[in-house]
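The values are calculated or read from the model by the stated rules, or taken from the named source; none is laboratory data. Keep in mind it's a predicted model, so treat the numbers as computed, not measured. Here the Cβ positions follow ideal geometry from the backbone for every residue, glycine too, while neighbour counts run over all protein chains shown.
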Amino acid sequence: MDKKDRRLEQFAADFRRKNGLNATEAIRLKSLLLKNNILTVFLPLKGDLSGMAVKTNGNNTAKYFILVNSNHTIGRQHFTICHELYHLYYQENFTAEKSNAGKFDKKGDPEEYNADVFASYLLLPEDGMYQMIPEHEWGKNKITLSTILKIEQYYSCSRSALLNRLIKMDIINLSKYQEFNCDKIKNALLYGYNDDLYKPGNEGQVIGNYGDMAKELYDRSMVSESAYFSLLEDIGIDLSDFDKKEDYE
């Protein structure tokens, strides 16, 4: 592991520690977002955009916002959230960025790659992984589909995130990656698991005080008036209705 990856692993361990999480347990991400007052909105986004993060600093208090693409599977959404946590808490001088989480592209934006690696360490801690892998499967390419499913269901992660992590841990090679990265829903059902993790979901769900953040983004000229109205409409607030009511008063 190079120095940069070691640093990112330390960031992930630091984040777990600050949030009262040990080195092996799964993260209840929605509870974590609520605890940290991270306003999070799940909406369908075009293309392969996974989401975005925004950090504002007003009155010496940082406020955080995450947008997650609800068209993506639940497992991928969880990885996206962890990816955005890197931007919000560990990227220097961060304000806002759209993300395409899970690409692990070393040739692209270095902070996007860092966020992917951080998310991998945060969501899938190595000690916890080894606790779930039988010792006779620790050798290269010995891990079974049964164990793969058990790990991804426990950590609520996407298959690609898990397989990338296993490659990083030198447990599988690219050939095994391709072998395991197919028929995910079919195999989950065959092994008796629910298939929700492999499907889109959460559309329209809001965690935190959405209205306050939308207003602050507008007040700080980070979004236009029309975008501000659109943000409010996304959660069922139509300001034109208030204008009509005032006309009658």
Does the range 42-52 include one or more residues that are under 20 Å from LEU124 (Cα atoms) and crowded, with 21+ Cβ neighbours inside 10 Å?
-> yes
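Of the residues that sit in the range 126-141 and are under 27 Å from the mean Cα position of the chain (by Cα) and of a type outside the set (A, V, I, L, M), which one is surrounded by the fewest Cβ atoms within 10 Å (Cβ to Cβ)?
Residues of the range 126-141 that are under 27 Å from the mean Cα position of the chain (by Cα), as a first pass: 126-133.
Adding the requirement that they be of a type outside the set (A, V, I, L, M) leaves 126-128, 130-131.
Values: GLU126: 15, ASP127: 10, GLY128: 17, TYR130: 13, GLN131: 12.
Within the range 126-141, the match that is surrounded by the fewest Cβ atoms within 10 Å (Cβ to Cβ) is ASP127.
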In the range 50-59, is there at least one residue being more than 13 Å from the chain's Cα centre (by Cα), over 21 Å from ASP196 (Cα atoms), of a type in the set (Ser, Thr, Tyr) and not in a loop (DSSP other than H, G, I, E, B)?
-> yes
Out of (1) at pLDDT 95 or above; (2) on the phi > 0 side of the Ramachandran plot; (3) crowded, with 18+ Cβ neighbours inside 10 Å; (4) not hydroxyl-bearing (Ser, Thr, Tyr), the one ASP116 does not meet is (2)
Restricting to the range 68-104, what's the tally of residues that are in contact (Cβ under 8 Å) with a residue 40 or more places away in the chain, buried (at least 24 other Cβ atoms within 10 Å of the Cβ), assigned to a helix (DSSP H, G or I) and β-branched (Val, Ile, Thr)?
-> 1
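Here is a check on your reading of the model: is GLU9 at pLDDT 95 or above and part of a loop (DSSP other than H, G, I, E, B)?
Working: at pLDDT 95 or above: yes; part of a loop (DSSP other than H, G, I, E, B): no.
When the stated conditions are applied, GLU9 does not pass them.
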Of everything in the range 12-49 that's among the small types (Gly, Ala, Ser) and not in a helix (DSSP H, G or I), which residue is nearest to the chain's Cα centre (by Cα)?
-> ALA26
Scanning the range 175-211 residue by residue, the ones that are in a helix (DSSP H, G or I) and surrounded by 12 or more Cβ atoms within 10 Å (Cβ to Cβ) total 14
Those residues of the range 143-174 which are assigned to a loop (DSSP other than H, G, I, E, B), buried (at least 19 other Cβ atoms within 10 Å of the Cβ), hydrophobic (A, V, I, L, M, F, W, C) and in contact (Cβ under 8 Å) with a residue 40 or more places away in the chain amount to CYS157
Mind telling me which of the residues LYS30, LYS55 ends up being of a type in the set (D, E, K, R), in the same structural domain as LEU197 (by TED's automatic domain parsing), surrounded by 17 or more Cβ atoms within 10 Å (Cβ to Cβ) and touching a residue at least 12 places away in the same chain (Cβ under 8 Å)?
-> LYS55
